[in-house]
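Here the structure is laid out as structure tokens; the discussion comes afterwards.
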Amino acid sequence: MKYLDDLAVKELLRDKWLRIAEAIEEAFVDESVLMPEKTYLQGRGGDFRIMPVAHKQYAAVKWIGVFPDNWQIPVPTINGSLILSDRQTGVPLIGMDCATLTAYRTAVTSAIAAKYCAPDAEEFAIIGCGIQGRYHIEAYEAICQGHMKLSIQLYDTNESPMNQMFNWLGRESLCHAWGRNKSVKEAIKYADVITTLTPSTEGYLDVLDIPNNCHVNAVGADAVGKRELMTNVIDGSANIICDDPMQALHSGELQYNEWPHLDVNSMQYLIKNHKGMQLDKGISVFDSTGVAIEDIAIAELVYRLNES
């Protein structure tokens, strides 16, 4: 079985944003998908996740570790592998490193949510300036506003990664305006889309600071005990969307069980029914916990690109 390292995966996916988005959207609405619950295993300083899934003629399992403090060593915060197999025979077809794969699918899924929930967005706020923030900015530029440049506002409690991202934006020419900020409140003041990408265990995003009709991609809370949104953000939102509602109740922003009768829609529902959802009537939140549907969609694309 051939194994693709992270560099090989990165090269195959480079500038394939629209193809990735198409593959992930198709997988979300495909009724043939089988996806058992994600399993967590505690590490020391992070956790491991085991994610099985089947889609059409393929089956896959992803084994990944997420260790937020690795940047201090420094080594990647996300490490892992995915094996893609033939669903009929069980024969392994290809293995691949899934650090870059995970970064791509997370960013693209956020961009899909923003595309439907905030189709006219121009002002984007990135809270948490690690590597995932860079992937999100590129995904937004390609998928949400491919015809025009964005305005990006940055905030991080650590000034070093914020300054690095600020300088990167200047070199890459991905937006027409960008800025560093001294607080979350300052960064989101004019935002159409807010993206939270931090390992926080306490809610810091306050609905009182969020502009009207803004869309929030809440990405950082993807395990038990993590949280970025204050309770009033959920309370004050007109639409709550999850990649997997049950998983969000376990390990996303909804895990605290403070909203027992909350009306939650899935990503599948958003893609199929966005035209009738009145998404311009108030704040919307996408609670992103990361699901294996996204992984197998992008892994299949990697496999096909590698074979061609």
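Residues in the range 168-188 that are surrounded by 12 or more Cβ atoms within 10 Å (Cβ to Cβ) and out of contact with any strand residue (DSSP E or B) (no Cβ under 8 Å at 6 or more places or on another chain) were compared, and the one that is farthest from residue 229 (Cα to Cα) is 172.
Do we find a residue being exposed (fewer than 13 other Cβ atoms within 10 Å of the Cβ) and touching a residue at least 12 places away in the same chain (Cβ under 8 Å) anywhere in the range 41-50? Steps first, please.
So in the range 41-50, the residues exposed (fewer than 13 other Cβ atoms within 10 Å of the Cβ) come out as 41-45.
Subset that is touching a residue at least 12 places away in the same chain (Cβ under 8 Å): 43, 45.
Yes: the range 41-50 contains one or more residues that are exposed (fewer than 13 other Cβ atoms within 10 Å of the Cβ) and touching a residue at least 12 places away in the same chain (Cβ under 8 Å).
Looking at the range 252-266, is at least one residue among the small types (Gly, Ala, Ser), assigned by TED's automatic domain parsing to the domain that holds residue 121, in contact with a Pro (Cβ under 9 Å, 6 or more places away or on another chain) and not in a loop (DSSP other than H, G, I, E, B)? Within the range 252-266 (the criterion being among the small types (Gly, Ala, Ser), assigned by TED's automatic domain parsing to the domain that holds residue 121, in contact with a Pro (Cβ under 9 Å, 6 or more places away or on another chain) and not in a loop (DSSP other than H, G, I, E, B)), the answer is yes, since at least one residue qualifies.
Does residue 66 meet the test of being buried (at least 18 other Cβ atoms within 10 Å of the Cβ), of a type in the set (A, V, I, L, M) and in contact with a His (Cβ under 6 Å, 6 or more places away or on another chain)? Working first, answer last.
Values: buried (at least 18 other Cβ atoms within 10 Å of the Cβ): yes; of a type in the set (A, V, I, L, M): yes; in contact with a His (Cβ under 6 Å, 6 or more places away or on another chain): no.
Here the answer is no, as residue 66 does not meet what is asked.
Out of the residues in the range 136-164 that are closer than 18 Å to residue 75 by Cα and part of a helix (DSSP H, G or I), state the one that is nearest to the chain's Cα centre (by Cα). My answer is 161.
Put simply, of 60, 99, 118, 113 the only residue that is over 28 Å from residue 175 (Cβ atoms) and touching a residue at least 40 places away in the same chain (Cβ under 8 Å) is 60. Just one residue in the set 298, 283 is among the hydrophobic types (A, V, I, L, M, F, W, C) and assigned by TED's automatic domain parsing to the domain that holds residue 16; that residue is 298.
Quick check on residue 61: is it more than 17 Å from the chain's Cα centre (by Cα), under 21 Å from residue 41 (Cα atoms) and modelled with pLDDT under 95?
On the way: more than 17 Å from the chain's Cα centre (by Cα): yes; under 21 Å from residue 41 (Cα atoms): yes; modelled with pLDDT under 95: no.
The answer is no for residue 61.
The values are calculated or read from the model by the stated rules, or taken from the named source; none is laboratory data. Note that the structure is a prediction, hence the values are computed from the model and not measured. So basically every Cβ, Gly included, is an ideal-geometry build from the backbone, and we count neighbours across all protein chains shown.
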